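Undergrad: Just passing along the structure, written as structure tokens.
The values are calculated or read from the model by the stated rules, or taken from the named source; none is laboratory data. Everything numeric in this text was worked out from a predicted model, so none of it was measured. Here the Cβ is made from the backbone with ideal geometry for all residues, glycine too, and neighbour counts use every protein chain on show.
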Amino acid sequence: MTRTVHPIEEESYRRLRARVDTARLPPLTRAVVERVIHSSADPAYAGDLVCDEDSLRAAHAALHAGAPVVADVEMVAAGITARTAVCRLRDAVAAPGLTRSAAAVRLAYGEVGAGAVWVVGCAPTALEELLALDAAPALVVGLPVGFVGAVESKAALRAAGLPAVSNVSEKGGSAVAAAALNALLYAPAPASFPAGRTPAAPGRNPALGRAEHVPAAGQDPPSAGSAGHRLNPGP
């Protein structure tokens with residue numbers, strides 16, 4: 001996707017990188033982390049997100065091959081700016097033991113089937129229902145927000161072993177979920193950039209690295225053998 005980047009966005013990324021060192025992250029992981037932080041103005045996401053570069057690479061290829069995108073709520077769908085997302089919440093009806101958000105996931109799965117990219121930024125019950133469906137997704141962006149069920153549903157997503165972007169804490173939401181997906185959509189098609197090079201993003205230089213600790217500016221990186229950052233596959 002070709003984008004015209006506004007000077008305000010370029011300045012936002014410059015300030016972001018002055019506060020959080022993302023240069024060592026693998027290309028797509030870096031794109032996702034930076035886009036989420038940019039959308040939320042919350043550098044703490046650098047220590048909260050859980051990503052896997054191989055999963056992001058496969059999902060990136062699937063998106064550029066036309067994989068459908070499903071959003072749990074219309075706010076997430078509205079935030080996905082480079083693709084029309086399926087959202088069946090308006091058509092869904094709650095039932096005993098089934099929230100409206102979970103019912104919408106069932107409807108959407110009946111429409112798109114296996115191989116879709118799912119973006120959940122609001123309802124933990126939507127993520128729980130997706131896991132119960134055994135939907136064989138290309139990727140799940142699981143970033144629901146809330147004090148009830150959000151942490152547990154995201155932990156269940158990681159335990160399921162599905163290709164995913166998630167975070168460990170209660171925070172999340174429509175804006176950051178859409179941002180994570182946009183990062184993959186904005187990145188050039190797989191053949192457009194060499195392996196190991198960072199996809200286009202505002203003011204970005206090519207960078208190599210592993211998804212380990214992302215220190216804030218002025219902090220020392222961890223020593224060899226120390227515990228990895230949550231951007232490694234997490235609990």
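Undergrad: For the subset of segment 62-76 comprising residues that are part of a helix (DSSP H, G or I) and in contact (Cβ under 8 Å) with a residue 24 or more places away in the chain, which member is surrounded by the most Cβ atoms within 10 Å (Cβ to Cβ)?
TA: Residues of segment 62-76 that are part of a helix (DSSP H, G or I), as a first pass: 62-64, 74-76.
Checking the rest, the ones that are also in contact (Cβ under 8 Å) with a residue 24 or more places away in the chain come to 62-64, 75-76.
Working: A62: 19, L63: 22, H64: 17, M75: 17, V76: 28.
Residue satisfying both the conditions and the ranking: V76.
Conditions (1) modelled with pLDDT of 95 or more; (2) touching a Cys at 6+ places or on another chain (Cβ under 9 Å); (3) of a type outside the set (A, V, I, L, M, F, W, C), marked per residue:
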{"position": "E9", "(1), (2), (3)": "no, no, yes"}
{"position": "I37", "(1), (2), (3)": "yes, no, no"}
{"position": "D42", "(1), (2), (3)": "yes, no, yes"}
{"position": "L56", "(1), (2), (3)": "yes, no, no"}
{"position": "R100", "(1), (2), (3)": "yes, no, yes"}
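Undergrad: While we're here: Any residue at all in segment 133-153 that is touching a Cys at 6+ places or on another chain (Cβ under 9 Å) and surrounded by fewer than 17 Cβ atoms within 10 Å (Cβ to Cβ)?
TA: Yes, that holds for at least one residue.
Undergrad: Still on this structure, I have one more. Tell me yes or no: at least one residue of segment 183-200 is within 17 Å of the chain's Cα centre (by Cα), at pLDDT 95 or above and crowded, with 24+ Cβ neighbours inside 10 Å.
TA: The answer is yes; a qualifying residue exists.
Undergrad: Taking the stated definitions as given, is L16 farther than 22 Å from A155 by Cα and not charged (D, E, K, R)?
TA: Here the answer is yes, as L16 does meet what is asked.
Undergrad: Filter segment 77-118 for residues that are assigned to a loop (DSSP other than H, G, I, E, B), more than 23 Å from G146 (Cβ to Cβ) and among the aliphatic types (A, V, I, L, M); which is farthest from the chain's Cα centre (by Cα)?
TA: Selected residue: A114.
Undergrad: Working only within segment 37-56, note down all residues that are more than 22 Å from A159 (Cβ to Cβ) and either without any contact (Cβ under 8 Å) to a residue 40 or more places away in the chain or not polar (S, T, N, Q) (or both).
TA: The answer is I37, H38, A41, D42, P43, A44, A46.
Undergrad: Please go through segment 23-61 and give me each residue that is in contact with a helix residue (DSSP H, G or I) (Cβ under 6 Å, 6 or more places away or on another chain), surrounded by 24 or more Cβ atoms within 10 Å (Cβ to Cβ) and in a loop (DSSP other than H, G, I, E, B), ordered by number.
TA: Listed by number, the list holds a single entry, C51.
Undergrad: Also: Those residues that are farther than 18 Å from V73 by Cβ, among the hydrophobic types (A, V, I, L, M, F, W, C), part of a loop (DSSP other than H, G, I, E, B) and touching a helix residue (DSSP H, G or I) at 6+ places or on another chain (Cβ under 6 Å), I need them from segment 119-163; list them, please.
TA: A138, the sole residue that qualifies.
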